[in-house]
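Here the structure is laid out as structure tokens; the discussion comes afterwards.
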Amino acid sequence: MKALVFNGDHKIALEERKMPKIDKPTDAIIKVLKTTICGTDLGIYKGKNPEITLGRILGHEGIGLVEEVGESVSQFKKGDKVIISCITSCGSCEYCKKQLYSHCKDGGWILGYMIDGVQAEYVRIPHADNSLYKVPTTIDDEIAVLLSDILPTGHEIGVQYGNVKPGDTIAIVGVGPVGMSVLLTSQFYSPSIIIAIDMDENRLKLAKELGATHTINSATKNVFEEIKKIAEEGVDVAIEAVGIPATWDICQKIVKPGGHLANVGVHGVKVDFEIQKLWIKNLTITTGLVNTNTTPMLIRSVSANRFDLKKMITHRFKLSEIEKAYQVFLNGAKEKAMKIIIDVD
Ligand SMILES: NC(=O)c1ccc[n+]([C@@H]2O[C@H](COP(=O)([O-])OP(=O)(O)OC[C@H]3O[C@@H](n4cnc5c(N)ncnc54)[C@H](O)[C@@H]3O)[C@@H](O)[C@H]2O)c1
Ligand SMILES: [Zn+2]
Ligand SMILES: [Zn+2]
């Protein structure tokens, strides 16, 4: 089968690989229909995760058809169309029992990282009963891909951890697919002001269409002066959805006393945490990897057409063109790219 393989810093290639096999009775083999590229994959490509083994098949988001199930899998059978969760969970360890699936002792974020991922024709999914979700017939295949990772990540690590409440003023720093998912799901909780901050004018324009009340281009404007004009004291919730020191710094400076700073971005280097200024502000600062515990709820909301998600999908490629797709997503601003769908079938 064909698969996109990580061969080291800035080196990826579509290669011929062996078909995955059932390894444990709880596994399923999925024939991938659609996958996508995540900002996290870009991070791996750029060398943010040196711990990753060379030769690893990348990708942790996608949908597919169940090809084969191990003998202990009871919830899925051959032919079922499924959303592959970016998080694998056994369902029975200490962390799974607390719904902290991201820290499952035999799972967590392993796909396309610790084990081979979904940017391939077939993928092995461990603990299939807990790590797959049936795609309702009411959800379009491309939209279903957004439920693997970005919608639960934005909702859980951005909005829920950030404790967004009715009437709040919130700022989302970085409106890539993840920040845009924060923007959409924050609207469940009716914040009064939603400020989207990015350097990409196209993404800011889309943010406005999807519900941002204000946008700030941090490449051309002074973020702090602009925030002051909108919210004199700062914001109730600052959500970091990029994963670099500069955007962390914006967040720690714009959050007001009693507020929340929710970090969503995956960081590769340390940041300057200004505890000498923050200790007095009665802040709640959260970090985390998505648990996907709200995926079933999000599937129901998406199914009821709560979001205008088609607008998030800007490009489509075949698996044979995935290397080109990486270049387009890497140059998102120039290519006017948001979420890219890779058709595998
Ligand atoms: N915590 C989790 O569970 C989790 C899950 C998925 C993804 N992530 C992380 O979320 C982050 C965002 O993912 P994505 O797919 O949306 O990535 P992306 O790279 O597509 O989006 C990042 C956005 O940040 C903007 N940006 C870059 N530098 C900026 C700056 N200095 N000021 C303002 N904006 C800036 C870019 O223009 C882009 O729109 C990544 O770090 C990714 O690894 C975390
Ligand atoms: Zn992802
Ligand atoms: Zn577990």
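What follows draws every value from the coordinates through simple rules; no lab data is involved. Predicted model only: the values in this text are computed from it and were never measured. Every residue, glycine as well, gets a Cβ built from its backbone with ideal geometry; the counts of neighbours run over all protein chains shown.
Among the residues of the stretch 319-344, which ones are farther than 16 Å from I150 by Cβ, without any contact (Cβ under 8 Å) to a residue 24 or more places away in the chain and in contact with a helix residue (DSSP H, G or I) (Cβ under 7 Å, 6 or more places away or on another chain)?
Scanning the stretch 319-344 gives V328, E335.
Residue by residue, here is whether (1) buried (at least 19 other Cβ atoms within 10 Å of the Cβ); (2) away from ligand 2 (no atom under 16 Å from the Cβ) holds:
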residue: N305; (1), (2): no, yes
residue: K311; (1), (2): no, yes
residue: L319; (1), (2): yes, yes
residue: I322; (1), (2): yes, no
residue: Y326; (1), (2): yes, no
residue: I341; (1), (2): yes, no
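For the stretch 181-226, what are the residues that are charged (D, E, K, R), touching a helix residue (DSSP H, G or I) at 6+ places or on another chain (Cβ under 7 Å) and either surrounded by fewer than 20 Cβ atoms within 10 Å (Cβ to Cβ) or farther than 15 Å from M338 by Cα (or both)?
E209
Kindly indicate the residue of the stretch 24-51 that is of a type in the set (D, E, K, R) and within 16 Å of ligand 1 (Cβ to nearest atom) and also farthest from the chain's Cα centre (by Cα) among those meeting that condition.
Filtering the stretch 24-51 for residues that are of a type in the set (D, E, K, R) and within 16 Å of ligand 1 (Cβ to nearest atom), the one farthest from the chain's Cα centre (by Cα) comes out as E51.
Restricting attention to the stretch 215-248, report how many residues are within 20 Å of L278 (Cα to Cα), among the β-branched types (V, I, T) and either assigned to a strand (DSSP E or B) or over 18 Å from the mean Cα position of the chain (by Cα) (or both).
Total meeting the criteria: 5.
Can you say whether L298 is assigned to a helix (DSSP H, G or I) and surrounded by 18 or more Cβ atoms within 10 Å (Cβ to Cβ), as far as the supplied structure shows?
Judged against the criteria, L298 is a match.
Could you please give the count of residues in the stretch 151-171 that are more than 16 Å from ligand 2 (Cβ to nearest atom), within 24 Å of L100 (Cα to Cα) and either crowded, with 24+ Cβ neighbours inside 10 Å or among the aromatic types (F, W, Y) (or both)?
4
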